[in-house]
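Comments concern the structure below.
The values are calculated or read from the model by the stated rules, or taken from the named source; none is laboratory data. Computed from a prediction, not measured in an experiment: that's the story for all the values here. Here the Cβ positions follow ideal geometry from the backbone for every residue, glycine too, while neighbour counts run over all protein chains shown.
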Amino acid sequence: MPRSISVILNGLHAYVYGRWTRGYVGLLRNQILPRLSSQGKKKLADGFHCKVLTPEHAKAIITINRDISKRDLEQIIPYPTARTLVLKGPSDVVVYECACRHTRKHSCQPTQVCMMIGKSVGDFILRYHPARSRRISQAEALDLLEAEYTRGHVHTAWFKDAIGGRFYAICNCCKCCCFGIEAMNTYDTPMVASSGYVARVDEMSCNACGACKTSCPFGAIEMNGIASVKWDKCMGCGVCTSQCSSGVMALVRDERKGIPLDVRALI
């Protein structure tokens, strides 16, 4: 396809996605994803995917005070497309209604939890969705991240081919509403990349309350007298650590899980 036509199509795709996000996600979830072949699922994931962030790394994106422009992050984002990180510090953040939650009949609350990062993306959302979005300060963004972490939701950095193949949002994903988590768990579509960490249990102190198993978005916890982690399923999101009242769950770095998206290391 000629580059000029590709640019036009990507621009149209980005406009439709940003202008009618709720309908776009609903169409993908209800009509397209269930009908995709294995090859189709891989193609979808290659151009529209997320990287799990630890709470620390999510906060680092919000508080970065320098410009960052990195391309071809193949060691961090294991996809052939949509892996450019462009940040202009200090971050410009617009919080937006979560399309995934709005496509559910009974959605998790609150719904205004998606953070659009960058002036161009944020200004577009504010222009076309003034009633469902608002600009927030750095302090408000950090408070939102902390509140969602406490609720047991996953911080994810989203990348999309149509939006210049770049990072554009931090979402706070719940396992019952998130399209990406559903695509991975239900339809075996690899849209979610590990944070580069894995959960570990202090077996001597675990009281087998089961809170970690109930809250895990990826089905990575088993209970057999005590909690244990299924390494292959764990995405290193840290939800179990936020929900464990005994404090026996922790995230540990695991090189086999990939490289973390730590903007401080990219400076």
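Could we say that Met204 is surrounded by fewer than 20 Cβ atoms within 10 Å (Cβ to Cβ) and part of a strand (DSSP E or B) here? Judged against the criteria, Met204 is not a match. Where helices (runs of 4 or more DSSP H) fall entirely within the range 1-67, those with at least 3 residues that are over 24 Å from Cys98 (Cα atoms) are at 3-19, 38-47.
Kindly establish whether Gly11 is at pLDDT 95 or above, surrounded by fewer than 18 Cβ atoms within 10 Å (Cβ to Cβ) and in the same structural domain as Cys177 (by TED's automatic domain parsing).
Working: at pLDDT 95 or above: no; surrounded by fewer than 18 Cβ atoms within 10 Å (Cβ to Cβ): yes; in the same structural domain as Cys177 (by TED's automatic domain parsing): yes.
Answer is no for this residue.
Residues in the range 140-181 that are surrounded by fewer than 19 Cβ atoms within 10 Å (Cβ to Cβ) and part of a helix (DSSP H, G or I): Glu140, Leu142, Asp143, Glu146, Ala147, Thr150, Arg151. Here Ile125, Ile68 are screened, and the one residue that is at pLDDT below 95 and either aromatic (Phe, Trp, Tyr) or surrounded by 13 or more Cβ atoms within 10 Å (Cβ to Cβ) (or both) is Ile68. Scanning the range 84-102 for residues that are assigned to a loop (DSSP other than H, G, I, E, B), closer than 24 Å to Ile267 by Cα and modelled with pLDDT of 95 or more yields a count of 0. Taking each residue of the range 49-69 that is over 16 Å from Ala199 (Cα atoms) and looking for partners that are surrounded by fewer than 19 Cβ atoms within 10 Å (Cβ to Cβ) and of a type in the set (S, T, N, Q) with beta-carbon atoms closer than 7 Å, six or more apart or interchain, yields Ile62/Gln138; Thr63/Gln138. The one condition from (1) crowded, with 21+ Cβ neighbours inside 10 Å; (2) touching a Leu at 6+ places or on another chain (Cβ under 6 Å) that Ile76 does not meet is (1).
I'd like to know if the range 103-115 contains one or more residues that are without any contact (Cβ under 8 Å) to a residue 24 or more places away in the chain and outside any loop (DSSP other than H, G, I, E, B). Step through it out loud before you land on a result.
Pass one, the range 103-115, residues without any contact (Cβ under 8 Å) to a residue 24 or more places away in the chain: 105-106, 109-112.
Filter once more, keeping what is outside any loop (DSSP other than H, G, I, E, B): 112.
Scanning the range 103-115 turns up at least one residue that is without any contact (Cβ under 8 Å) to a residue 24 or more places away in the chain and outside any loop (DSSP other than H, G, I, E, B).
The residues of the range 124-134 that are free of Cβ contacts under 8 Å to residues at least 60 places away in the same chain and either closer than 16 Å to Ile170 by Cα or under 19 Å from the mean Cα position of the chain (by Cα) (or both), listed by number, are Ser133, Arg134.
Kindly indicate whether any position in the range 82-100 is surrounded by fewer than 23 Cβ atoms within 10 Å (Cβ to Cβ), free of Cβ contacts under 8 Å to residues at least 40 places away in the same chain, assigned by TED's automatic domain parsing to the domain that holds Val154 and more than 24 Å from Arg127 (Cα to Cα). Scanning the range 82-100, I find no residue that is surrounded by fewer than 23 Cβ atoms within 10 Å (Cβ to Cβ), free of Cβ contacts under 8 Å to residues at least 40 places away in the same chain, assigned by TED's automatic domain parsing to the domain that holds Val154 and more than 24 Å from Arg127 (Cα to Cα), so the answer is no. Selection over the range 223-247 of residues that are exposed (fewer than 14 other Cβ atoms within 10 Å of the Cβ) and not in a loop (DSSP other than H, G, I, E, B) gives a count of 1.
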